[in-house]
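Some notes on the structure that comes next.
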Amino acid sequence: MSKSRALVATEERDYSHRTAVQKLGVKPEQRVEVTGDVGPGLRRDVQEVIGRGLVRSGELDTAIVLVESEDEAKEALVRYRARLRDDGALWVITRKRGHEHYLNQMALVPHAKRLGLIDNKTCSIDEERSGIRFVVPRALRKPTAA
């Protein structure tokens, strides 16, 4: 790979200019639930983007959930999987390394797989938190009416 192509690839992977809501892929009009201490301003920023209030019941396009233990994460995976639309996303937010409630996100992957979810993205939320996104694999999604 040429030096200029390597530089472009590196620049394309730098997401520091994007807001947490952009990294999470939240879009206008989505049904979103946010649970736990997800950081200063994230709830407000999500509501601003979706143009509506957060939801507490029914189907979800996106769930953003802070967990502080593996047991809490397992319970959240089960709870939100039942409400997640086939093309939705479950963001499990954890504390970063060095925090007393640090949780290795890779430990959650086997639990998610048992529920028919795969991990396909991680991102930094802020200085203290990061997220891992779980989705329904395309092969397992119900066919949509044309």
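The values are calculated or read from the model by the stated rules, or taken from the named source; none is laboratory data. As the structure is a computational prediction, the values presented were derived from the model and not from experiment. All Cβ positions, even for glycine, are placed from backbone atoms using ideal geometry, and neighbour counts span all protein chains on display. Heads up: the accessible areas ignore ligands, DNA and RNA and are worked out on the full protein's heavy atoms, side chains in. Shrake-Rupley method; radii C 1.70, N 1.55, O 1.52, S 1.80 Å.
Listing for the model above:
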read-out: Residue ID - surrounded by the fewest Cβ atoms within 10 Å (Cβ to Cβ), chosen from residues in segment 32-47 that are in contact (Cβ under 8 Å) with a residue 40 or more places away in the chain and part of a loop (DSSP other than H, G, I, E, B); value: Pro40
read-out: Answer from Ser69, Ser16, Ser2 - the residue that is under 19 Å from Ile132 (Cβ atoms), at pLDDT below 95, of a type in the set (Gly, Ala, Ser) and loosely packed, with under 13 Cβ neighbours inside 10 Å; value: Ser16
read-out: So Glu75, is it surrounded by fewer than 16 Cβ atoms within 10 Å (Cβ to Cβ), closer than 24 Å to Glu100 by Cα and at pLDDT 95 or above; value: yes
read-out: The one condition in (1) among the hydrophobic types (A, V, I, L, M, F, W, C); (2) loosely packed, with under 15 Cβ neighbours inside 10 Å; (3) more than 20 Å from Asp37 (Cα to Cα) that Leu115 fails to fulfil; value: (2)
read-out: Matching residues in segment 82-112 - criterion: being closer than 25 Å to Val55 by Cα and either among the β-branched types (Val, Ile, Thr) or in contact (Cβ under 8 Å) with a residue 60 or more places away in the chain (or both); value: Ala89, Trp91, Val92, Ile93, Thr94
read-out: Cβ-Cβ under 8 Å pairs, at least 6 apart or on other chains, segment 113-139 side within 20 Å of Arg18 (Cβ to Cβ), far side β-branched (Val, Ile, Thr) and open to solvent by 80 Å² or more (accessible area, probe 1.4 Å); value: Ser130/Thr122; Gly131/Thr122; Ile132/Thr122; Arg133/Thr122
read-out: Qualifying positions in segment 124-139 - assigned to a strand (DSSP E or B) and open to solvent by less than 20 Å² (accessible area, probe 1.4 Å); value: Arg129, Gly131, Ile132, Phe134, Val135
read-out: Test: residue in segment 89-106 that is more than 19 Å from Pro40 (Cβ to Cβ), out of contact with any Gly (no Cβ under 9 Å at 6 or more places or on another chain), assigned to a helix (DSSP H, G or I) and open to solvent by less than 70 Å² (accessible area, probe 1.4 Å); value: no
